[in-house]
1. Any residue at all in the range A:89-99 that is among the β-branched types (Val, Ile, Thr), more than 18 Å from the chain's Cα centre (by Cα), farther than 23 Å from A:Tyr164 by Cβ and open to solvent by 40 Å² or more (accessible area, probe 1.4 Å)?
2. For the range B:45-60, does any single residue satisfy the condition of being at pLDDT 95 or above, within 30 Å of B:Glu203 (Cα to Cα), within 20 Å of the chain's Cα centre (by Cα) and not aliphatic (A, V, I, L, M)?
3. How about the range A:165-202: which of its residues are open to solvent by 20 Å² or more (accessible area, probe 1.4 Å) and in contact (Cβ under 8 Å) with a residue 60 or more places away in the chain?
4. Anything in the range A:1-36 that is at the interface with chain B (Cβ under 10 Å from one of its Cβ atoms) and of a type in the set (Asp, Glu)? List them, or say none.
5. Among the residues of the range A:100-128, which ones are over 18 Å from the mean Cα position of the chain (by Cα) and not basic (Lys, Arg)?
6. Would you point out the residue of the range B:236-245, among those that are open to solvent by 40 Å² or more (accessible area, probe 1.4 Å) and within 8 Å of another protein chain (Cβ to nearest Cβ), that is nearest to the chain's Cα centre (by Cα)?
7. Taking the range A:136-164 only, how many residues are more than 15 Å from A:Leu186 (Cβ to Cβ), within 7 Å of chain B (Cβ to nearest Cβ) and free of Cβ contacts under 8 Å to residues at least 40 places away in the same chain?
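The values are calculated or read from the model by the stated rules, or taken from the named source; none is laboratory data. This is a predicted model, so every value here is computed, not measured. Cβ coordinates were reconstructed from backbone atoms using ideal geometry, including for glycine residues, and neighbour counts include every protein chain displayed. These accessible areas exclude ligands, DNA and RNA; they are computed on the full protein's heavy atoms, side chains included. Shrake-Rupley method; radii C 1.70, N 1.55, O 1.52, S 1.80 Å.
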There are 2 protein chains.
Amino acid sequence: MSGKLHVIGIGPGHPDQITPEAREAIAVATDLFGYGPYLDRLPPAAGQQRHASDNREELARARAALDLAASGKRVAVISGGDAGVFAMAAAVCEAVEHGPAAWRALDIAVVPGLTAMLAVAARAGAPLGHDFCALSLSDNLKPWPVIAGRLRAAAAAGFVIALYNPISRARPWQLGEAFAILREQLPPATPVIFGRAVGRAAERVTITALAGADPALADMATCVIVGSPGTRVVERPGLPPLVYSPRSSGADR
Amino acid sequence: MSGKLHVIGIGPGHPDQITPEAREAIAVATDLFGYGPYLDRLPPAAGQQRHASDNREELARARAALDLAASGKRVAVISGGDAGVFAMAAAVCEAVEHGPAAWRALDIAVVPGLTAMLAVAARAGAPLGHDFCALSLSDNLKPWPVIAGRLRAAAAAGFVIALYNPISRARPWQLGEAFAILREQLPPATPVIFGRAVGRAAERVTITALAGADPALADMATCVIVGSPGTRVVERPGLPPLVYSPRSSGADR
């Protein structure tokens with residue numbers, strides 16, 4: 001029997017946001033690899049082995065998973081959110097490119113999932129309703145000047161900006177610096193949405209203005225969405241506002 | 001009884017890519033609104049009324065749905081892909097902003113779904129594995145110079161670019177012009193992925209290089225992903241290549 005490797009996105013956290021396709025791919029796996037807290041979201045299955053690892057060991061995890069698939073196992077690599085957005089699918093591809101030739105012959109498939117910005121946006125209205133970008137603030141693997149340049153370019157061009165990996169204990173200042181850069185380019189009233197742990201018990205969604213956006217509202221489980229100059233806030237008495245980016249935005253740039 | 005309006009994303013087309021959350025929200029609705037072909041993907045339910053309309057009537061559809069919700073019905077507005085990405089959630093918010101005050105008191109919720117670029121990316125590997133943007137090529141609601149400017153800015157800053165609404169009978173030249181703009185900024189070998197009707201019977205995924213990218217490979221059901229200068233193609237004997245954007249991309253810009 002030849003092995004198989006699925007890289008599977010299980011969405012931002014709510015069990016009802018896991019697609020049936022992902023559930024099925026997980027169910028037929030002999031071995032699950034992933035960051036411990038992601039694996040903990042899945043119910044145990046008889047005869048299925050789990051290989052939990054730290055979230056900074058992506059390449060090593062990818063190699064271990066490929067190695068086991070090459071031995072004939074049906075391996076599932078689990079990502080939070082979507083498997084292809086700042087997640088394990090790129091690490092698996094990178095491992096294949098630089099690994100043994102046999103890995104290129106493996107049956108590899110990526111199963112997409114809801115990425116965090118979509119779930120956060122849904123809670124707020126439709127802030128991603130028009131042109132947007134997704135940017136990781138982690139400077140572990142790219143230099144900060146590249147990130148700063150992308151922030152400037154995206155804001156100047158009128159993209160809504162979703163920030164992934166906004167902050168961590170090892171990267172405490174990057175989000176504050178990002179807000180400072182964006183304040184140079186965007187109006188003070190530009191809406192900013194902090195979506196933390198959306199779909200989970202610890203969910204907290206905060207809508208604020210760029211002028212007063214406080215990096216302390218974000219942690220590792222947060223996705224931050226910064227509006228474009230066209231993004232609107234519709235106040236509703238007794239209800240949270242609706243934040244949306246009009247389908248016709250851009251004419252003002 | 002007070003009415004309710006759900007805006008629901010049903011994913012790019014495969015029934016197993018509809019989340020249980022979306023299925024449940026559809027099941028409890030008294031009335032479904034949407035573009036006819038999207039409604040046709042859902043099994044009929046007893047006692048549930050369908051209001052199909054053309055895909056260029058988004059604002060009128062949003063108003064009709066809000067009106068019915070205000071009369072006490074449980075209304076679901078169906079979007080293909082994600083409800084918040086170039087889709088109905090923004091139209092609903094826009095209608096609320098400019099509509100009667102009563103609409104602001106309605107119970108409105110957005111249920112996210114898999115947006116097309118995630119499903120297309122999964123088929124190719126992990127082209128969205130690092131910083132990327134999503135851009136609509138439709139100039140029905142924004143002037144072409146804005147689109148051209150965003151293409152230039154995104155390519156120059158090193159974003160992978162997902163193109164929505166790349167082409168239609170009424171907009172036949174925009175995708176070719178977009179490729180021409182991108183060829184001025186990106187290497188000829190930059191990978192381009194045409195993902196058509198992913199997850200449906202008519203699925204066709206084509207991977208090519210920017211130099212020879214042919215707009216005729218796209219139609220209204222296609223999402224096009226253009227790599228960044230860092231995006232890699234991993235050839236595999238007898239299998240389609242893996243296209244991915246490394247987690248460390250950007251250092252070369």
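1. If we filter the range A:89-99 for residues that are among the β-branched types (Val, Ile, Thr), which is where we start, we get A:92, A:96.
Keeping just the survivors that are more than 18 Å from the chain's Cα centre (by Cα) gives A:96.
Okay, now just the ones that are also farther than 23 Å from A:Tyr164 by Cβ, so A:96.
Now drop any that are not open to solvent by 40 Å² or more (accessible area, probe 1.4 Å), which leaves none.
No.
2. no
3. Selection gives A:Asn165, A:Arg200.
4. Correct list: A:Asp16, A:Glu21, A:Glu24.
5. Here is the first cut: in the range A:100-128, the residues over 18 Å from the mean Cα position of the chain (by Cα) are A:100-109, A:125.
Across the range A:100-128, the qualifying residues are A:Pro100, A:Ala101, A:Ala102, A:Trp103, A:Ala105, A:Leu106, A:Asp107, A:Ile108, A:Ala109, A:Gly125.
6. Taking the range B:236-245 as the starting set, the residues that turn out to be open to solvent by 40 Å² or more (accessible area, probe 1.4 Å) are B:237-240.
Going one step further and asking which of them are within 8 Å of another protein chain (Cβ to nearest Cβ), we end up with B:237-239.
Details: B:Pro237: 32, B:Gly238: 31, B:Leu239: 27 Å.
Once the filter is applied, the top-ranked residue is B:Leu239.
7. Of the range A:136-164, the ones more than 15 Å from A:Leu186 (Cβ to Cβ) are A:136-147, A:149, A:164.
With within 7 Å of chain B (Cβ to nearest Cβ) added as a condition, the list becomes A:136, A:141-143, A:146, A:149.
Then drop every residue that is not free of Cβ contacts under 8 Å to residues at least 40 places away in the same chain, which leaves A:141-143, A:146, A:149.
Counting residues in the range A:136-164 that are more than 15 Å from A:Leu186 (Cβ to Cβ), within 7 Å of chain B (Cβ to nearest Cβ) and free of Cβ contacts under 8 Å to residues at least 40 places away in the same chain gives 5.
Let's see how each residue does on (1) part of a helix (DSSP H, G or I); (2) hydroxyl-bearing (Ser, Thr, Tyr); (3) more than 18 Å from the chain's Cα centre (by Cα):
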position: A:Glu184; (1), (2), (3): yes, no, yes
position: A:Pro187; (1), (2), (3): no, no, yes
position: A:Val198; (1), (2), (3): no, no, no
position: A:Ile207; (1), (2), (3): no, no, yes
position: A:Val224; (1), (2), (3): no, no, no
